[in-house]
Amino acid sequence: MKGYYSRKLHSLLGVIPLGAFLLSHMISNFQAFEGGKKGFEGAVHFLNSMPLVFFLELFLIWLPLLYHGVYGLYIAYQAKNNIGNYNYERNIRFTVQRITGVITFVFVIWHMYDTRFQIMIGKITHDDLGAVMHDIVSNPVLFVLYIIGVVSATFHFANGLWAFLVSWGITVGPRAQRVSTYICMGLFVFMSVLFILAMTGFRNSEFQAAQAAIDVVKTVLA
């Protein structure tokens, strides 16, 4: 029973609410591809106009993310990966789950520093997020790193969802677990494609024009 409840809480937070946050983040970012600058800004304004948004983010995103990330690193450190001895599909996914967890944790910190933290210190506003993302994804190296980050995050969530269904007794038998594998891996591919399309959307010239306007304002204020 040692660590049982800690692991159960870690598993639960990875799906609810962090999974819901990742899905909503995917949908809002995809607006950059589907609706362009106006579509993305509309999604950002909608999310930030919600009542008590600060407390919602604190208790449904930041605190769960901190616990899930830090405890996840502890689990990854303790994990005994024997992929070389037992090259089974589940064992491979177990190892990849730990690797993508570490990558995702680092990626989320980096992404939040470039976006949410800059808003908190007053360096940018919510209206500048599209231009910030344009600058990031227009850099070929950063674009590749972002792809690695979002693919790691989506795999970690989708495979974690499969493990959640097993560990919480929702998919018990081999057939149910096999079906859930197809569903969760399909979700991984679907989410990865939408996130990558969103990043290509941020590379459009309309976000570049927004960044140019921001640079002019900063020059005047300086």
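Worth a mention:
Per-residue answers, yes or no, for (1) touching a strand residue (DSSP E or B) at 6+ places or on another chain (Cβ under 8 Å); (2) acidic (D, E); (3) at pLDDT below 95:
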position	(1), (2), (3)
F143	no, no, no
Q208	no, no, yes
Q211	no, no, yes
D215	no, yes, yes
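- Restricted to the stretch 110-208, the set of helices (runs of 4 or more DSSP H) holding at least 2 residues that are open to solvent by 20 Å² or more (accessible area, probe 1.4 Å) and touching a Gly at 6+ places or on another chain (Cβ under 9 Å) comprises 140-167.
- Within the option set F94, F21, F30, being touching a Pro at 6+ places or on another chain (Cβ under 9 Å) and open to solvent by less than 80 Å² (accessible area, probe 1.4 Å) holds for one residue only, F21.
- Residue in the stretch 48-64 that is nearest to H156 (Cα to Cα), counting only those that are touching a residue at least 40 places away in the same chain (Cβ under 8 Å) and open to solvent by 40 Å² or more (accessible area, probe 1.4 Å): L60
- Selection status of G36, modelled with pLDDT under 95 and surrounded by 14 or more Cβ atoms within 10 Å (Cβ to Cβ): yes
- Pair list, Cβ under 7 Å, 6 or more apart: the stretch 138-149 residue within 19 Å of M26 (Cα to Cα), other residue among the aromatic types (F, W, Y) and open to solvent by less than 80 Å² (accessible area, probe 1.4 Å): G149/F107
The values are calculated or read from the model by the stated rules, or taken from the named source; none is laboratory data. Here the structure is a predicted model, which is why all the values come from computation and not from measurement. Note that each Cβ is placed from the backbone with ideal geometry, even for glycine, and that neighbours are counted across all protein chains shown. These area figures cover heavy atoms from the full protein model, side chains too; ligands, DNA and RNA do not enter into them. Shrake-Rupley method; radii C 1.70, N 1.55, O 1.52, S 1.80 Å.
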